[in-house]
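> To start, I am sharing the structure in question, which I have written as structure tokens.
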Amino acid sequence: MKLSRETVRAELEKFAIAYGLPKHADDSEKLSLLVDVYHEALSKRFNDHTFKGGVEIAWNRARGFPLVSDFFEFGEKKVMAREVGRTG
């Protein structure tokens, strides 16, 4: 199961409601491009199921519209736990 573009868009729209859109995405064409950039970056680490954990991390960090990296702690902890298990 891949991370769908619509899943990313729906979550970014929630951030936009809470924090407003960044100035570089202040119209529908720019927002569409921003969604594409986030989807490309986030789909390398998440699928539709695991993305929920990343969204939770992003909301916990949010002081404004999230950075792509704000979603990543969830996946990194799982990867790090597997690595420690292999070497430890």
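The values are calculated or read from the model by the stated rules, or taken from the named source; none is laboratory data. Since we're looking at a predicted model, the values are computed, not measured. Because the Cβ atoms are built from the backbone with ideal geometry, glycine has one as well, and the counts that use them run over all protein chains shown.
> Quick one: in region 1-59, of everything that is among the polar types (S, T, N, Q) and within 15 Å of F72 (Cα to Cα), which residue is surrounded by the fewest Cβ atoms within 10 Å (Cβ to Cβ)?
That would be N47.
> Step by step: first the residues of region 14-45, then only those that are without any contact (Cβ under 8 Å) to a residue 24 or more places away in the chain and either in contact with a strand residue (DSSP E or B) (Cβ under 7 Å, 6 or more places away or on another chain) or part of a loop (DSSP other than H, G, I, E, B) (or both), then the one that is nearest to E56 (Cα to Cα). Which residue is that?
By that ranking, first place goes to K44.
> Being modelled with pLDDT of 90 or more, within 24 Å of M1 (Cα to Cα) and outside any loop (DSSP other than H, G, I, E, B): is that true of K52 here? Give the derivation first.
Working: modelled with pLDDT of 90 or more: yes; within 24 Å of M1 (Cα to Cα): yes; outside any loop (DSSP other than H, G, I, E, B): yes.
Considered against the rule, which asks whether it is modelled with pLDDT of 90 or more, within 24 Å of M1 (Cα to Cα) and outside any loop (DSSP other than H, G, I, E, B), K52 comes out as yes.
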